[in-house]
Amino acid sequence: MHVCAEYGNTKLFEYFKKEYDAELNVTNKLRETPFTTAAREGRLLIIKLHFEKYHLRFDPDARTVDEWSAFSYACINGFLNTIEYLASKKVNIHTSDRNKRTALHWAVRFDNAKVTELLLNLNMNHQAHDIEGKTP
């Protein structure tokens with residue numbers, strides 16, 4: 001499931017889900033679910049499939065060992081369409097990682113003006129403090 005999500009192979013993803021009743025919340029060693037993996041890679045079709053077909057069978061706010069969510073991954077990697085879609089589905093956009101850094105912290109840190117602007121338009125807290133006391 002993770003490999004299908006990582007490479008955006010919706011047909012195989014659905015095959016494994018149907019034929020083997022594959023678990024959508026299964027995790028790898030980083031505690032990534034297929035959903036978080038899809039967000040990390042910007043695989044919007046896999047993400048949409050989760051919401052449209054399996055909306056009650058997965059956790060859209062699942063966290064990795066570093067406490068990153070699908071939304072965090074999409075922001076860190078600059079996938080604007082994925083960020084907008086996830087926000088429209090009411091995932092928790094105000095999460096922080098194990099260092100208390102929000103998606104906005106990372107967007108600023110990576111000098112990604114487009115993601116920063118989008119996150120501010122989504123009303124992200126620009127005064128959130130990370131573990132070091134730094135704001136975005």
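The values are calculated or read from the model by the stated rules, or taken from the named source; none is laboratory data. Just so it is clear, the structure is predicted and the values come from calculations on it, not from any experiment. Every residue, glycine among them, receives a Cβ derived from its backbone with ideal geometry; neighbour counts consider all protein chains shown. To get the accessible areas, we keep the full protein, side chains included, count just its heavy atoms, and leave off ligands, DNA and RNA. Shrake-Rupley method; radii C 1.70, N 1.55, O 1.52, S 1.80 Å.
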Seminar exercise, completed: Within the stretch 1-31, residues part of a loop (DSSP other than H, G, I, E, B), more than 29 Å from TRP106 (Cα to Cα) and open to solvent by less than 70 Å² (accessible area, probe 1.4 Å) come out as ALA22
For this session: Please list, ordered by first then second residue, the pairs with beta carbon atoms under 7 Å, 6 or more apart or interchain, first in the stretch 115-136 and within 12 Å of THR102 (Cβ to Cβ), second open to solvent by less than 100 Å² (accessible area, probe 1.4 Å) and of a type in the set (D, E, K, R).
Result: ASP130/ARG101
For this session: Filter the stretch 32-66 down to the residues that are among the polar types (S, T, N, Q) and outside any helix (DSSP H, G or I), then identify the one that is nearest to ASN92 (Cα to Cα).
Result: THR64
Problem set entry | Residue match in the stretch 80-94 (condition: touching a Cys at 6+ places or on another chain (Cβ under 7 Å) and free of Cβ contacts under 8 Å to residues at least 40 places away in the same chain) | yes
Exercise. For the stretch 68-86, does any single residue satisfy the condition of being modelled with pLDDT of 95 or more, out of contact with any helix residue (DSSP H, G or I) (no Cβ under 8 Å at 6 or more places or on another chain), part of a loop (DSSP other than H, G, I, E, B) and farther than 22 Å from LYS134 by Cβ?
Worked result: no
Exercise. List the pairs whose first member sits in the stretch 57-78 and is in contact (Cβ under 8 Å) with a residue 40 or more places away in the chain, whose second member is aromatic (Phe, Trp, Tyr), and whose Cβ atoms are under 8 Å apart, counting only residues at least 6 apart or on separate chains?
Worked result: CYS75/TRP106
Exercise. Which ones in the stretch 88-117 are out of contact with any Phe, Trp or Tyr (no Cβ under 8 Å at 6 or more places or on another chain) and buried (at least 20 other Cβ atoms within 10 Å of the Cβ)?
Worked result: SER96, ARG101, THR102, LEU104, HIS105, TRP106, ALA107, VAL115, THR116
For this session: State whether the residues of the stretch 32-51 include one that is open to solvent by 20 Å² or more (accessible area, probe 1.4 Å), more than 15 Å from THR82 (Cβ to Cβ) and touching a helix residue (DSSP H, G or I) at 6+ places or on another chain (Cβ under 9 Å).
Result: no
Problem set entry | Every residue from the stretch 10-61 that is under 22 Å from ASN77 (Cβ atoms) and small (Gly, Ala, Ser) | ALA38, ALA39, GLY42
For this session: Identify all residues within the stretch 118-130 that are assigned to a loop (DSSP other than H, G, I, E, B), touching a helix residue (DSSP H, G or I) at 6+ places or on another chain (Cβ under 8 Å) and either open to solvent by less than 90 Å² (accessible area, probe 1.4 Å) or of a type in the set (S, T, N, Q) (or both); write none if there are none.
Result: LEU122, MET124, ASN125, ALA128, ASP130
